[in-house]
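Student: Pasting a structure here, questions to come.
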Amino acid sequence: MARESASVLIRRALNCQCPVCGRGAIFRTHFKMNRECPRCHVVFWKDPGESLGAMYLDFAVAAAAFLVCWGLLALTRIPDTPQILILCTIAPAAVLLCYPMTRSAWTVLVYLSGGIDLPQLRAVRGGKKNP
Ligand SMILES: [Zn+2]
């Protein structure tokens, strides 16, 4: 179960940081997600179907960008055809731009639902050498 506050988890999602330790990067590049945290080595998405959840967030981003842009274009006198072209460009561009953030937000949701196993603590023998 998550021990961090909601504000900490939201900040980690926005910064694309590991929801468990907050130090490891979730993404290697803009479109390449790490399988596990480079710092604490938790596996972000164990189930290959987890990307479907992030696609729901992509849809929400595309719909929001479309509706906001549509509302702004309604205030202008731009003809219909350029408006349609602008809207058809804005929605996919918003998805591509927000790609790491939607995956990061979905990773936090997976963490909150208990889908990320916390790293196991290992007992270390101290002071005595094994014979
Ligand atoms: Zn981590």
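Student: Rounded to two decimals, what ratio of Rg to Rh does region 33-94 give with C-alpha atoms and a Kirkwood Rh?
Tutor: 1.25
Student: For region 1-32, run through the trypsin sites (Lys or Arg not before Pro) and keep only the ones in DSSP coil with at most 14 other Cβ atoms within 10 Å of their Cβ.
Tutor: Numbers: sites: 3, 11, 12, 23, 28, 32; in loops: 3, 23, 28, 32.
Within region 1-32, the qualifying trypsin sites (Lys or Arg not before Pro) (loop, at most 14 other Cβ atoms within 10 Å) are 3, 23, 28, 32.
Student: Here's a follow-up. So which residue, out of 79, 100, 92, gets the largest mean-square fluctuation from a GNM of the chain using Cα contacts under 10 Å as springs?
Tutor: Highest fluctuation of the listed residues: 79.
Student: Given the options 54, 64, 91, state which has the largest fluctuation in a GNM of the chain using a 10 Å cut-off (strictly under) for Cα springs.
Tutor: Of 54, 64, 91, the Gaussian network model singles out 64 as fluctuating most.
Student: Something else about it: Write down the Kirkwood hydrodynamic radius of the chain, to one decimal in angstroms, obtained as one divided by the mean of 1/r over all alpha carbon pairs. Spell out each step's value before the answer.
Tutor: Working: mean 1/r = 0.0588 Å⁻¹.
Result for the chain stands at 17.0 Å.
Student: Now a separate question. Which far-off residues, 5 or more places away or on another chain, put their amide H under 5 Å from the one on residue 42, with H placed in the peptide plane?
Tutor: 37
Student: Relative contact order for the chain: what is it in percent, counting Cα pairs under 8 Å that are at least 6 residues apart? All intermediate terms of the calculation are to be shown ahead of the outcome.
Tutor: Working: 127 pairs, mean separation 45.3, N = 131.
This gives 35 percent for the chain.
Student: Once both labels are modelled 7 Å past Cα along the beta-carbon direction, what's the residue 81-residue 63 spacing in nm?
Tutor: Here the answer is 3.1 nm between the modelled labels.
Student: Fully extended, how many nm does the chain gain between residue 72 and residue 46 (0.36 nm per residue separation, minus their Cα-Cα distance)? Could the numbers behind the result be given before it?
Tutor: Numbers: separation 26, 0.36 × 26 = 9.36 nm, distance 4.09 nm.
Between residue 72 and residue 46, full extension yields an extra 5.3 nm.
Student: Between 53, 114, 24, which gets the highest mean-square fluctuation from a Gaussian network model of the chain, Cα cutoff 10 Å?
Tutor: Result: 114 has the largest fluctuation of those listed.
Student: List the chymotrypsin sites (Phe, Trp or Tyr not before Pro) within region 26-116 that DSSP assigns to loop and that have no more than 10 neighbouring Cβ atoms inside 10 Å. Show your work: numbers first, answer last.
Tutor: Numbers: sites: 27, 31, 44, 45, 56, 59, 66, 70, 106, 111; in loops: 31, 44, 45.
Qualifying residues, ordered by number: 31.
Student: Could you compute the FRET efficiency for residue 35 and residue 88, with r as their C-beta to C-beta distance and R0 at 30 Å, rounded to 0.05?
Tutor: Working: r = 34 Å, r/R0 = 1.12.
It comes out at approximately 0.35.
Only the coordinates and a few stated rules stand behind these numbers; no lab work does. This one's a predicted model, so the numbers in the text were calculated from it and none came from an experiment. Because the Cβ atoms are built from the backbone with ideal geometry, glycine has one as well, and the counts that use them run over all protein chains shown.
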